[in-house]
1. Would you please give the FRET efficiency between Arg443 and Met250, computed as 1/(1 + (r/R0)^6) with r the Cβ-Cβ distance and R0 = 60 Å, to the nearest 0.05?
2. For the chain, find the longest principal axis of its Cα atoms and tell me its angle to the long axis of helix 192-203, 0 to 90°, nearest 10.
3. Sort all Cα-Cα distances of region 555-595 into consecutive 10 angstrom bins from zero, then give the percent of pairs in each bin up to the one containing the longest distance.
4. Can you give the convex hull volume of the alpha carbon atoms of region 272-391 per residue, in Å³?
5. Largest first and to the nearest Å, give the Cα extent of region 551-653 along each principal axis.
6. Taking a label point 7 Å from the Cα of Ala516 along the Cα→Cβ vector, which residues of region 336-361 have an amide N closer than 19 Å to it?
7. Let's test the formula: R0 of 45 Å, r as the Cβ-Cβ distance of Arg392 and Asn341. What FRET efficiency results, to the nearest 0.05?
8. Loop only per DSSP, at most 16 neighbouring Cβ atoms within 10 Å: give me the trypsin sites (Lys or Arg not before Pro) in region 280-375, ordered by residue number.
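What follows draws every value from the coordinates through simple rules; no lab data is involved. Predicted model, so just to flag it, every value in this text is computed and none were measured. Cβ: placed from backbone, ideal geometry, glycine included. Neighbour counts: every protein chain shown.
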Amino acid sequence: MSTNSKKTFFVTTPIYYVNDVPHIGHAYTTIIADTLARFHRLAGQDVFFLTGTDEHGQKIEKAAAEKGLTPKALADAVVGRAQDLWKALDISHDFFVRTTMDFHEKGVQKLFKILLDKGDIYKGEYKGWYCVSDENFLSDDVPLDAESCKTCPDCGKKASLVSEETYFFRLSAYQDRLLKLYEDHPEFVRPQSRLNEVASFVRGGLKDLSITRTTVKWGIPVPGDPKHTIYVWFDALFNYVTAIGYDWNMARYEKFWPADVQLVGKDILRFHAVYWPAFLMAAGLPLPRTVFGHGWWLKDDTKMSKSKGNVLDPHVLLKVFGPDPLRYFLLREIPIGQDGNFSHEGFLHRVNSDLANDFGNLVQRTLTMIGNYFGGAIDDPASETAEDAKVRTDFEELKGRVFDLYEACTLNKALEEIWAYIGMVNKYLADNEPWIMAKDASRRPRLARVLLQAAAAIRGASYLVYPVMPRSVEKVWGFLGETKKPADVLWEALDFGGFGPGRKVGMPQALFPRVALKDFLGEEAGPPAAAPAAGPEPIIKGANIMDIITYDEFRRMDLRVAQILEAERVPGATKILKLKIDIGTEQRQMIAGVAETYTPEELVGRKLIVIVNLKPAVIRGIESQAMLLAAITPDNKAVIPFFDRDIQAGAIVK
Ligand code: MSP
């Protein structure tokens, strides 16, 4: 674990255009920034996390006109929806900047003037190919056609060669200083592969940059020459300094600038790694430490974007899962520099296996056993064996490694390491079989030790995940009887022994829903049609509806909520498990045909529906005193319907 002596940490996202509401791609950048901000707060640093919206320019002017709104009215509407999304994703930004804010417009004008007075901005003539229909200058990359004309790549219409009075920024003068920056500070652009791309672009030669427009009305007026508005990128980039106080709260500006990490998508890296440092050099302001160019989330192998119509609306996922599964998935799936393909199958697989099975079940089982065997507070644990000690020492090493990984922004690796540890703790429990120990009073101190170790491991591992999944980890800490929130404990103060004997734990509630793909896609597609389409042959066994029964007949079934206390395999039988259940008034044993779908370990602690007045049956020599309800898959496997919230054992089901 490295000692971080720097007292402050400043992280930024790009400011998002307000021509449309943010989608999963935008959420990705913001979630990375939020995770880094939360981690650095745990590390004890004074953090400033900035995000916001980019509201000027032709793009917004056009989108507003199409909707019959003023640009400001469009921006106001979209900003509200973006802020709602950030709230739903538990984004903990310290400030939300809008480029239409007064201090920002004044700051940009002041910086423009400084550069003008210095001679780094000068007035000239911009000659170029202009698309009248799109009101846009074509980039130099667009080739001349056979008639020596250019065609607009966006709308396909012929462009005209025009010249316009404009102010230029003397970018060409900064080529050498930029190359020296990349050489002296290779960490300025990450990942390394992108630094190489940027440097070779600059080596290819830089032309002065036109930074004003007379054709765009919706922009900040050039000071003293208001027929020009300032080019949207000059305006937008300076948000990073105006928002923290440049020219209006200099104490705060000086405290936080330069930024430690500026996150941007690879499509806008050139603006941030070439123009931005050149603007700052010209203004005599310090440069950010790192500009991190992340990859794209693709859908069907194409960048998600509104214009392609392939964006995923995060609200659908948030409605079903809450924020944490999405936060976890986006960060766990790919390293920050690479592209990722978003699929619902991939998402559900990760959520079900890493979150519901590995993490959720560990919490559920451990706390349920502490509740059942110790009334919620572990007493008199045996001293640690070497195997128990390993659970502790592995955690201590993990804590150091994960610190370094978070600090280096390698978030997927940090999660990978934490999940390897969670897997190890699951195995430790399975190997020790506490549910067997519980049957033997002489093994109680060992049982206490094993459950204590598991609970301390859960507390520690979940703390390490806090920057990624704050809401779920707060819940876990609540179940563990912690009075503090994870955010109130500094990284260096977090120790494995923080969970000790005598601590009263609560009964866990469901942490992560386990959702099947077809249910989820049904959810996304909206409610199912009222009547199912009639098919030739029912493919599911028993799908023919049975004869009508009366309510009184139905009422003769005594259905109850039962909690599984113990589960074990039946020697020589592959399909059945022997369960011990609590039905509120008493405990019973039963046989359940679920061994092909569930392991005994994953069932302990779970609550389900059983019928308690069915005539007992003897199966494999064991009396089964209840029967559980389960759905049968086409290949004859039993899937148990669990509850979506906690309910006491014994509750009547009707
Ligand atoms: N307004 C400019 C940024 C100005 S910063 C001074 C802008 N806005 S944007 O709304 O178009 O995009 C903002 C960020 O979202 C960019 O970093 C972009 O890379 C990112 N993403 C947009 N779609 C994305 C994906 N499909 N995947 C990942 N990130 C993507 O550019």
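1. On the way: r = 67 Å, r/R0 = 1.11.
Rounded to the nearest 0.05, the efficiency is 0.35.
2. It is inclined by approximately 10 degrees.
3. For region 555-595, the pair-distance distribution reads 29, 46, 22, 3.
4. Numbers: hull volume 28.2 nm³, N = 120.
Per-residue hull volume (Cα only) is 235 Å³.
5. 39, 30, 30
6. Backbone N within reach: 344-354, 356-357.
7. Working: r = 39 Å, r/R0 = 0.87.
Once rounded, the FRET efficiency stands at 0.70.
8. Details: sites: Arg289, Lys299, Lys303, Lys306, Lys308, Lys319, Arg327, Arg332, Arg350, Arg365; in loops: Arg289.
Answer in residue order: Arg289.
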